[in-house]
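Contents: one structure, followed by commentary.
The values are calculated or read from the model by the stated rules, or taken from the named source; none is laboratory data. If you're wondering where the values come from, they're calculated on a predicted model, not measured in any experiment. Ideal geometry is used to build each Cβ from the backbone, glycine not excepted, and the neighbour counts take in all protein chains shown.
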Amino acid sequence: MNSRPSSSPRPTDAISATKPLPRPGHTLSVCPVRLSGMQWLPAFTRLQYMILFGHFALQLTAWTLFGLIWSKQIIAIPLPDLIHDVQSWYKPLTFFVTAISSSLALFSTVLFSLAVRQWISCQLRTKRGLRLHTFLRSMHFASHSIITDRGQNGLWLAASIIVFIIVALQPAGWNTLLTPQLFDLDTKVSGKEIDLANPRLDLYLHNGSLDACVLDNSVLVGLAIGETESGFSAAKGAQNVPSSLSIANFIFNTSTAGILPLSFQDIPTSSAFDNATVIPHSISGPGIGIPRSLSVVQQGFTADVSCKFQTLTTTTIPSLTITTISPNETSAPTQYNIDSNCPMPATLGNTTRASTYALAENDSGYLLMIACANGASYTLIFIGGGDQYAYLNSTVCTFTPKITNVRVDYHYLPSASSNTTGNLPARIDTITLPGGIPDSVGGPAGVSAVATVYEMIRFAQGEEMNVVGDQLIAVLQGVDGEGFVSDRDGVLTAMEEYLRGVAEYSGTLLRACLSSHKTSGIFADGIPKEITTSAIGELRTYFFGWALTSSTVWILVPGALIAFASIALVLSSAAADLRLRPEESGLFDPLDAFDLMRASAAGGLVGVFDSEDGGGGSKGELGDVRVMLEMITGRGMGLIGRVGTAKSGEGLNVT
């Protein structure tokens, strides 16, 4: 049995085994054997390759995503319905992306820690080793913690804080890069549309070139139905009753305001106008599946309408003559004729709009209308008769056409599959702005509006009813119930709003007809530039996805700095002048408590802390001590301490 010496034993004296203490399960070698059989590869260790390739993969992923966003500016998730159901999926998605971001950041941090630990291990094997303070503080960097030693150099504290912050920012950077967001993107848009106030249009009108669009665009049945519906919708809207109007799959809120809707696609018009083909698309925008809204100031058309009840005779101005032709048979309808000697502009068809007739059964009713020119406006005379429409009596309306500016808001719903649905607005809201330019009597827009109202009244009349009269009754009943007939002001207001709605509808029809490409005739190839005006607005796009923002660049900096530091440590380690062969270094991890205790005991590092008064060496004294790994005969790999520049083989020299 060995006897214990009489002097105070050093802790290393208790180690007498010829091999280091075994460490079950300890397999990590921070400075392992270099690769063999692959001479074409640089002389890095397996761990160094793992660190390099790991950071390369992370940075390649991050910068590839950044480059993709940079090149495309916008990457939208092609699932438009997500926007309408955000609450049900966005938080789970955020959790999932955060988990991925944290994992990627953790992987980068682990690689950095391995790089520092591997650098420490390799530096300990060099001829000079490491200063003890450097050795201890380097392990703070490996564990990315803040150095809190008293009396330390302020640079060490600052460096540790910087590393701590950079490591902490990595998850936030990855999360910002990977998490899709709801974007609200505004884009300026501009276009051209026909200018109804352009005097050149008058030249085309007077030579008959525009007759097909100005005088005859209300002859088709489908468009005539829209005329009465436009008046009905406007009259209801004036009474705060929800109403909408549909034209060629465009749905207007209350009224068209006389604008031609902008479209992302060509609009077929062959079924609406003679010789017409399509209205070419007037705006380009994001693809189908991206919700968007469009606000544009466009040129519109309306009419200032003022109505009153007035008794007219053959001697008044304007005059009115009513004749009745009774049928020869009792079952035949009665013919009612009205005419006036009021003046008419030649462009309105001479006197054809100053007289009209209707066939109606005696007990049903009729509604007739004639139009006259009156200075800067038109005079529209309505005669209602019979049991149903006597409430209109003799109504005279001053009708003043006006070119306006209109703010138009297009609201689109997303569609992933249907071009028709996805590229047409779900609703169009119009707000006529103050001001406007009166359209002179005889101008194309005003003539078209008067002709449209005239043809509408004719088309609405049947033997037993008149659609316009019935719709006015429906509007008045919706406000006053059964007492609508007694509200004479209400009747006039309803008539004014009805006519305004029809006038605005006529402006939309006129623009559509003139803007259509045609097989022959006027404007066959589109509207000449000299009779166009600008439409300016803003396209607002809503989407979930990724877009390049000011934050996209700096979020890559933390990961890039960690990767740069790790690569620099790997290169520094690979270039180190090692005293020991790789296989002699054994298994040593500077952050492993067992490895530190074993190597310290084997090398007698505890002697560094001895002092004559038994209080241990001061930190100032320890600053000159260098530690290094050295093979200790009979003890294995050990940490030894030397003062100043002592070289290997000089023995432990601690003062």
Can you find a residue in the range 383-391 that is at pLDDT 90 or above, surrounded by fewer than 21 Cβ atoms within 10 Å (Cβ to Cβ) and outside any strand (DSSP E or B)? no
Picked from the range 183-203 (must be out of contact with any Phe, Trp or Tyr (no Cβ under 9 Å at 6 or more places or on another chain) and exposed (fewer than 13 other Cβ atoms within 10 Å of the Cβ)), the residue modelled with the lowest pLDDT is Leu203
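Rundown of residues vs (1) at pLDDT below 85; (2) surrounded by fewer than 16 Cβ atoms within 10 Å (Cβ to Cβ); (3) in the same structural domain as Thr404 (by TED's automatic domain parsing), yes/no style:
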site	(1), (2), (3)
Lys529	no, yes, no
Thr532	no, no, no
Tyr542	yes, no, no
Leu556	no, no, no
Ser585	yes, no, no
Arg598	yes, no, no
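State yes or no: is Pro180 modelled with pLDDT of 75 or more and either closer than 29 Å to Leu476 by Cβ or outside the structural domain of Asp409 (by TED's automatic domain parsing) (or both)?
Details: modelled with pLDDT of 75 or more: yes; either closer than 29 Å to Leu476 by Cβ or outside the structural domain of Asp409 (by TED's automatic domain parsing) (or both): yes.
Criteria met by Pro180.
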Here's a check for you: in the range 117-134, which residue that is under 55 Å from the mean Cα position of the chain (by Cα) and either basic (Lys, Arg) or farther than 19 Å from Thr148 by Cα (or both) is surrounded by the fewest Cβ atoms within 10 Å (Cβ to Cβ)? Ser121
When you scan the range 97-115, do you find a residue that is in the same structural domain as Gly173 (by TED's automatic domain parsing), buried (at least 23 other Cβ atoms within 10 Å of the Cβ) and either farther than 16 Å from Leu52 by Cα or among the acidic types (Asp, Glu) (or both), even just one? no
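I want to confirm something. Restricting to the range 103-147 and keeping residues that are part of a helix (DSSP H, G or I) and of a type in the set (D, E, K, R), which single residue is nearest to Ile165 (Cα to Cα)?
If we filter the range 103-147 for residues that are part of a helix (DSSP H, G or I), which is where we start, we get 103-124, 132-142.
So of that shortlist, the ones also of a type in the set (D, E, K, R) come out as 117, 137.
Details: Arg117: 20, Arg137: 17 Å.
Of everything passing the filter in the range 103-147, Arg137 is nearest to Ile165 (Cα to Cα).
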Which of the residues that make up the range 306-338 are part of a strand (DSSP E or B) and crowded, with 17+ Cβ neighbours inside 10 Å? Cys307, Thr334, Tyr336, Ile338
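Looking only at the range 455-468, how many residues end up being within 47 Å of the chain's Cα centre (by Cα) and either under 18 Å from Val491 (Cβ atoms) or among the charged types (D, E, K, R) (or both)?
Going through the range 455-468, the residues within 47 Å of the chain's Cα centre (by Cα) turn out to be 455-457, 459-460, 467-468.
Remaining after also requiring either under 18 Å from Val491 (Cβ atoms) or among the charged types (D, E, K, R) (or both): 455, 457, 460, 467-468.
Within the range 455-468, residues that are within 47 Å of the chain's Cα centre (by Cα) and either under 18 Å from Val491 (Cβ atoms) or among the charged types (D, E, K, R) (or both) number 5.
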Exactly one condition in (1) within 30 Å of Gly537 (Cα to Cα); (2) crowded, with 20+ Cβ neighbours inside 10 Å; (3) at pLDDT 75 or above is false for Val278; which is it? (2)
Can you find a residue in the range 41-61 that is buried (at least 17 other Cβ atoms within 10 Å of the Cβ), at pLDDT 85 or above and of a type in the set (Val, Ile, Thr)? yes
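Suppose the filter is assigned to a loop (DSSP other than H, G, I, E, B), modelled with pLDDT under 85 and of a type outside the set (Gly, Ala, Ser); does Leu424 pass it? So that I can check it myself, show each step before the final result.
Numbers: assigned to a loop (DSSP other than H, G, I, E, B): yes; modelled with pLDDT under 85: yes; of a type outside the set (Gly, Ala, Ser): yes.
When the stated conditions are applied, Leu424 passes them.
Just one of Gly435, Gly443 is of a type in the set (Gly, Ala, Ser), assigned by TED's automatic domain parsing to the domain that holds Leu262 and touching a residue at least 40 places away in the same chain (Cβ under 8 Å); which is it? Reasoning before the result, please.
Working: Gly435 fails: touching a residue at least 40 places away in the same chain (Cβ under 8 Å).
So the residue among Gly435, Gly443 that is of a type in the set (Gly, Ala, Ser), assigned by TED's automatic domain parsing to the domain that holds Leu262 and touching a residue at least 40 places away in the same chain (Cβ under 8 Å) is Gly443.
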